[in-house]
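As structure tokens, the structure follows; a few thoughts come after it.
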Amino acid sequence: MNNKIKLAVAGAVLSAASVANAGIIIPAGDWTIDINGNVNAYATWIDADKTKGTAPTGGLAVTRDASGESDTQTMNTGLLPAWLGFTGTTRQNDLDVSFTISFQPNVSDNGVTGDGKTPLNRQAFITFGDKSWGTVKLGKDLGIFAGQAILNDMTLLGVGAALGGVSGTSTTLGGIGTGYIYPAWKGQIAYTTPNMNGFSATIAITNPNQGGFGDAASVTTTSDGEVSTTTATELYQDRFGIEGQVMYEWTGDVAGKVWASGASYDVTVGTNTGATITDDSFTASVYDIGANINAGNLGLTAYYYDGEGVGSTMMGGFSGATGYDVQSGSAKKRDSDGGYLQATYVIPTGTKLGVAYGVSNLDEASGESEGTLLDKNERWTVGAYHPLTKHLNLVAEYNKIESEGHNSAHKDEQDTFSLGAILFF
């Protein structure tokens, strides 16, 4: 099975909802081809009628749908999209060589004809290496920083936070923005050490994905009694990103892993005051630490991250990584941190029950005036994951999302209940 799918299933700590160890294996000369993936779909009911003031900028709690309704229903995949992957492996010249290409079609579409949604293309990479010295990866794959955070989130096989409260979205948010920052799918050149008695490390240069960091940092400021709107928009990133991770895993009656990862990007932001545009540069950096422990039927996960200039949802997107200093007239980094706690337990029927709490905090930048900016997004999740067959799992989830601004007059609340199924092959 595709390595990321295997990690996702194992990392979500849903081993009771078992899946095959591999997909459809086809010998092909010197190659072994693995066709693998999943299909999942969920019906979700959203109650978003508990609001206070206007929505905080960067809040993830849905307040109304496009037609103004507070109670809505959606049909689409959960956090993990439907997936079709192809992996080929071979051994040549004392090297293990592989390629992976995957596609993510949609199970729902909100367009009139149902044909408007563009499929995702998240993976296209090659690897080569040997267990004696490690592995090199080149191509597009899941980002390294915060990768373990999402792979260990139980909502990976469910829904978590809804995205926008409308049907036909490609995926939901899970715990993204309510416990961890999205690692995203990035072009990268990465080296991973061999497994050294449970210890491994990865270091990579990554494509500086555009469109984040400062693109949502629009604020209204008050200076000398006058109100003006200032928008900070990212212009470019002038070097590759640097991401890395260290991890230690162990087995036994009490098995688990601990990890730490980090990322660093250089960002130049143009500050538009309506009359002039000035450039401000800074280094966006973030680190995390996490642990996952399993003892018998009990699983526990704890995670924490802390960053500067990276925002709280998607490396700067949604809530914005930069603010505007009224006194200096320049863009400044916003600090952010957060994490989640999660516990799961397998009952005698084989059903895995889970509960999780997550929060993502975003500070105002130095010199920034108080407005509608998000202070925190919080999430409570209660889920049940039942293995109906070896490959098919039924899922039920309840999620409560709260978004609160730095000004307490801005607060949204959202309750969601989801029912669906996920099939791995």
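The values are calculated or read from the model by the stated rules, or taken from the named source; none is laboratory data. Treat the numbers as computed from the prediction; the structure is a model and nothing was measured. Neighbour counts are summed over all protein chains in view; Cβ atoms, including those assigned to glycine, are modelled from backbone coordinates with ideal geometry.
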Which is small (G, A, S), closer than 15 Å to L392 by Cβ and either in a strand (DSSP E or B) or at pLDDT below 95 (or both), of A16, A22, A8? A16
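Considering the range 404-425 alone, what residues qualify as being of a type in the set (S, T, Y) and not in a loop (DSSP other than H, G, I, E, B)? Reasoning before the result, please.
Initial filter on the range 404-425 (of a type in the set (S, T, Y)): 408, 416, 418.
Listed by number, the residues that qualify are T416, S418.
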In the range 271-311, how many residues are outside any strand (DSSP E or B) and at pLDDT 90 or above? 2
Among residues of the range 69-94, those that are without any contact (Cβ under 8 Å) to a residue 24 or more places away in the chain and either assigned to a strand (DSSP E or B) or closer than 16 Å to L163 by Cα (or both), counted: 3
Being at pLDDT 85 or above and buried (at least 22 other Cβ atoms within 10 Å of the Cβ) is the requirement here; does S319 meet it? no
